[in-house]
Protein chains: 2
Amino acid sequence: MVELEALHKITYGLYIVSSGDRISGNGFISNTVFQVTSDPPRFAVVCNKDNYTSGIISKSGAFSVSVLDRDTPPEIFGQFGFKSGKDYDKLKGMEVIYGETGVPIILNECIAYLECRLIQTVDAGTHLIFIGEMIQSKVVNDSKEPISYAFYRKERKGVAPKNAPTFIDRAKLLEFSGKSIQKKYQCGACGYIYDEAAEKIRFSDLPPDWICPVCGSEKSDFFEITN
Amino acid sequence: MVELEALHKITYGLYIVSSGDRISGNGFISNTVFQVTSDPPRFAVVCNKDNYTSGIISKSGAFSVSVLDRDTPPEIFGQFGFKSGKDYDKLKGMEVIYGETGVPIILNECIAYLECRLIQTVDAGTHLIFIGEMIQSKVVNDSKEPISYAFYRKERKGVAPKNAPTFIDRAKLLEFSGKSIQKKYQCGACGYIYDEAAEKIRFSDLPPDWICPVCGSEKSDFFEITN
């Protein structure tokens with residue numbers, strides 16, 4: 001028997017994993033960053049094969065990890081978690097420095113960062129596990145707490161992007177209960193479109209204090225649109 | 001530059017990872033359990049090659065993960081984190097059920113568990129990454145919070161066992177500062193010996209509310225012993 005709720009008891013942080021260089025850098029929100037050895041210190045990050053950053057990490061041979069604080073605004077999750085760098089320069093307007101390997105390191109809402117040189121790539125199915133040797137680490141802001149994935153889900157009503165390893169496909173549950181899902185809703189503030197077919201959860205089933213993942217507007221700021 | 005404190009900003013939970021069977025089962029405290037894919041759900045656990053459980057997972061081809069709650073007593077961390085199953089039956093006296101693969105699943109202080117069939121083993125240096133496909137998951141107690149590694153370190157003054165991926169070798173710092181480390185202290189309650197040479201942090205440098213990792217006795221219950 002599989003109880004999906006049990007999967008939410010596993011603890012994660014939230015990070016921006018970045019790669020590339022000064023000309024074409026990119027980053028994405030990750031909850032799967034973990035240390036795998038202490039001597040030498042090596043870290044693993046998990047990345048969907050379809051993520052634009054996946055190819056960039058493979059090509060650059062390096063990545064950085066920015067640990068996000070609890071006050072990280074929804075715009076950051078919107079920009080780095082729900083948009084693709086294929087279409088859009090995510091680093092534009094961000095506070096960025098470049099590491100020893102040349103990878104971008106994002107400092108907005110960052111309490112600490114690591115820089116790793118890629119040493120191994122593991123194919124885990126839909127996702128790749130990038131293992132990197134840490135060559136640099138720094139505490140940027142010791143006055144703030146790191147945000148946990150549980151805090152993001154519980155206090156901020158955040159959801160996982162479809163490419164996240166922890167994404168739960170609620171369509172399976174909805175199909176089982178015979179509910180149809182096909183409407184779209186647009187954010188009146190920023191234009192973000194919530195697509196039930198893609199998100200696999202009905203807009204009406206989102207909690208009342210759910211907010212736009214891009215700009216943080218309230219659920220009541222959304223309106224139904226026709227295809 | 002490497003700032004070790006930055007590594008403490010990465011978020012982890014705490015788990016008992018178990019393997020084996022009814023005749024010879026074993027488990028260890030892990031902070032590195034992560035979901036790596038959602039479809040199908042696969043989980044990674046990181047285990048030191050020297051851990052007794054490492055060989056058992058490889059041989060059994062399966063493992064279970066018990067998510068520990070915040071009230072987990074120090075005895076559990078002592079028994080599963082600081083002792084080896086080579087010398088000692090860790091499961092004796094514990095509340096244990098057996099999964100579909102036959103692996104033990106520990107229910108003490110467990111709020112949820114997963115059972116995984118091993119599908120891939122990755123050599124990451126000193127540690128192995130075991131990747132398993134989840135075949136079972138269950139919430140056991142929804143009224144308690146999962147314990148995070150940060151909570152364990154901060155509120156419970158816990159330290160990482162030497163085999164943990166997150167172990168920080170303080171000897172390097174002590175060597176640098178020219179401090180000698182060579183004393184031993186014994187717990188008056190349970191007989192546990194704190195060896196500065198092995199732990200690589202001086203007993204006097206441990207915080208005043210540090211407790212015996214085996215039985216939870218206070219620091220003042222320890223006495224210096226001669227070799």
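Residue pairs, Cβ under 6 Å, 6 or more apart or interchain, first in segment A:145-156 and more than 10 Å from chain B (Cβ to nearest Cβ), second in a loop (DSSP other than H, G, I, E, B). List them.
A:TYR152/A:LEU14; A:TYR152/A:GLY158
Going through A:TYR113, A:TYR149 one at a time, which residue ends up being under 22 Å from A:PRO213 (Cα atoms), buried (at least 16 other Cβ atoms within 10 Å of the Cβ), out of contact with any Pro (no Cβ under 9 Å at 6 or more places or on another chain) and of a type outside the set (D, E, K, R)?
A:TYR149
Could you list, in sequence order, the residues of segment A:57-99 that are of a type in the set (Lys, Arg) and not in a helix (DSSP H, G or I)?
A:ARG70, A:LYS83, A:LYS86, A:LYS90, A:LYS92
Select from segment A:26-52 the residues that are of a type outside the set (Gly, Ala, Ser), more than 21 Å from B:HIS127 (Cβ to Cβ) and in contact with a helix residue (DSSP H, G or I) (Cβ under 8 Å, 6 or more places away or on another chain) and list them in ascending order. Can you show your working first?
Within segment A:26-52, the first condition is being of a type outside the set (Gly, Ala, Ser), and the residues that meet it are A:26, A:28-29, A:31-37, A:39-43, A:45-52.
From what is left, the residues that are more than 21 Å from B:HIS127 (Cβ to Cβ) are A:26, A:28-29, A:48-52.
Correct list: A:ASN26, A:PHE28, A:ILE29, A:ASN48.
Tell me, please, whether a residue that is closer than 22 Å to A:TYR149 by Cα and polar (S, T, N, Q) can be found in segment B:119-140.
yes
In segment B:59-88, how many residues are under 22 Å from B:LEU114 (Cα atoms) and not β-branched (Val, Ile, Thr)?
Qualifying residue count for the region: 17.
Residues in segment A:16-24: is at least one modelled with pLDDT under 95 and crowded, with 24+ Cβ neighbours inside 10 Å?
No, that holds for no residue.
Checking A:GLY125 against (1) touching a helix residue (DSSP H, G or I) at 6+ places or on another chain (Cβ under 8 Å); (2) at the interface with chain B (Cβ under 7 Å from one of its Cβ atoms); (3) more than 22 Å from A:THR72 (Cβ to Cβ), only one condition comes out false. Which one?
Every condition holds for A:GLY125 apart from (1).
What are the residues in segment A:100-143 that are in a strand (DSSP E or B), touching a Leu at 6+ places or on another chain (Cβ under 9 Å), among the charged types (D, E, K, R) and more than 15 Å from A:GLN35 (Cα to Cα), if any?
Across segment A:100-143, the qualifying residue is only A:LYS138.
Based on what the data block shows, is A:VAL2 within 12 Å of another protein chain (Cβ to nearest Cβ) and either touching a helix residue (DSSP H, G or I) at 6+ places or on another chain (Cβ under 6 Å) or at pLDDT below 95 (or both)?
For A:VAL2, the condition - within 12 Å of another protein chain (Cβ to nearest Cβ) and either touching a helix residue (DSSP H, G or I) at 6+ places or on another chain (Cβ under 6 Å) or at pLDDT below 95 (or both) - is met.
Report whether or not A:SER54 is part of a strand (DSSP E or B), under 30 Å from B:SER30 (Cα atoms) and either within 15 Å of the chain's Cα centre (by Cα) or hydrophobic (A, V, I, L, M, F, W, C) (or both). Write out each step before concluding.
Working: part of a strand (DSSP E or B): no; under 30 Å from B:SER30 (Cα atoms): yes; either within 15 Å of the chain's Cα centre (by Cα) or hydrophobic (A, V, I, L, M, F, W, C) (or both): yes.
It is false that A:SER54 is part of a strand (DSSP E or B), under 30 Å from B:SER30 (Cα atoms) and either within 15 Å of the chain's Cα centre (by Cα) or hydrophobic (A, V, I, L, M, F, W, C) (or both).
Within segment B:39-85, track down each residue that is small (Gly, Ala, Ser) and within 14 Å of chain A (Cβ to nearest Cβ).
Within segment B:39-85, the first condition is being small (Gly, Ala, Ser), and the residues that meet it are B:44, B:54-55, B:58, B:60-62, B:64, B:66, B:78, B:81, B:84-85.
Within segment B:39-85, B:ALA44, B:SER54, B:SER64, B:SER66 qualify.
Among all residue pairs at least 6 apart or on different chains, which show Cβ distances below 6 Å where the first residue, located in segment B:55-69, is farther than 20 Å from B:GLN35 by Cβ and the second is in a strand (DSSP E or B)?
Listed by first residue and then by second, the contacts come to B:ILE56/B:SER19; B:ILE56/B:GLY20; B:ILE56/B:ASN26; B:SER60/B:SER19; B:SER60/B:GLY20.
Looking at segment B:109-121, which of its residues are touching a residue at least 60 places away in the same chain (Cβ under 8 Å) and within 7 Å of chain A (Cβ to nearest Cβ)?
B:LEU114
Which is under 12 Å from the mean Cα position of the chain (by Cα), of a type outside the set (Val, Ile, Thr) and modelled with pLDDT of 90 or more, of B:LEU68, B:LEU91?
B:LEU68
So which residues in segment A:1-17 are over 11 Å from the mean Cα position of the chain (by Cα) and part of a strand (DSSP E or B)?
If the condition is that a residue be over 11 Å from the mean Cα position of the chain (by Cα) and part of a strand (DSSP E or B), then A:VAL2 is the only one that fits.
In contact with a Leu (Cβ under 6 Å, 6 or more places away or on another chain) and surrounded by fewer than 24 Cβ atoms within 10 Å (Cβ to Cβ): which single residue out of B:GLY55, B:GLY61, B:GLY78 fits that description?
Testing whether each residue is in contact with a Leu (Cβ under 6 Å, 6 or more places away or on another chain) and surrounded by fewer than 24 Cβ atoms within 10 Å (Cβ to Cβ) leaves just B:GLY61.
Could we say that A:PHE63 is within 23 Å of A:SER24 (Cα to Cα), of a type outside the set (Val, Ile, Thr) and either touching a strand residue (DSSP E or B) at 6+ places or on another chain (Cβ under 9 Å) or at pLDDT 95 or above (or both) here?
In short, yes.
Conditions (1) farther than 21 Å from B:GLY102 by Cα; (2) β-branched (Val, Ile, Thr); (3) touching a Ser or Thr at 6+ places or on another chain (Cβ under 9 Å), marked per residue:
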| site | (1), (2), (3) |
| --- | --- |
| B:VAL2 | yes, yes, yes |
| B:HIS8 | yes, no, yes |
| B:LEU14 | yes, no, yes |
| B:ILE23 | no, yes, no |
| B:PHE28 | no, no, yes |
| B:VAL36 | yes, yes, yes |
| B:ALA44 | no, no, yes |
| B:ASN48 | yes, no, yes |
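For A:GLN186, indicate whether it is surrounded by 16 or more Cβ atoms within 10 Å (Cβ to Cβ), at pLDDT below 90, of a type in the set (S, T, N, Q) and not in a loop (DSSP other than H, G, I, E, B).
On the way: surrounded by 16 or more Cβ atoms within 10 Å (Cβ to Cβ): yes; at pLDDT below 90: yes; of a type in the set (S, T, N, Q): yes; not in a loop (DSSP other than H, G, I, E, B): yes.
The answer is yes for A:GLN186.
The values are calculated or read from the model by the stated rules, or taken from the named source; none is laboratory data. Small disclaimer: the values here were computed from a predicted structure and weren't measured. No Cβ is skipped: glycine too gets one built from the backbone with ideal geometry, and neighbour counts run over all protein chains shown.
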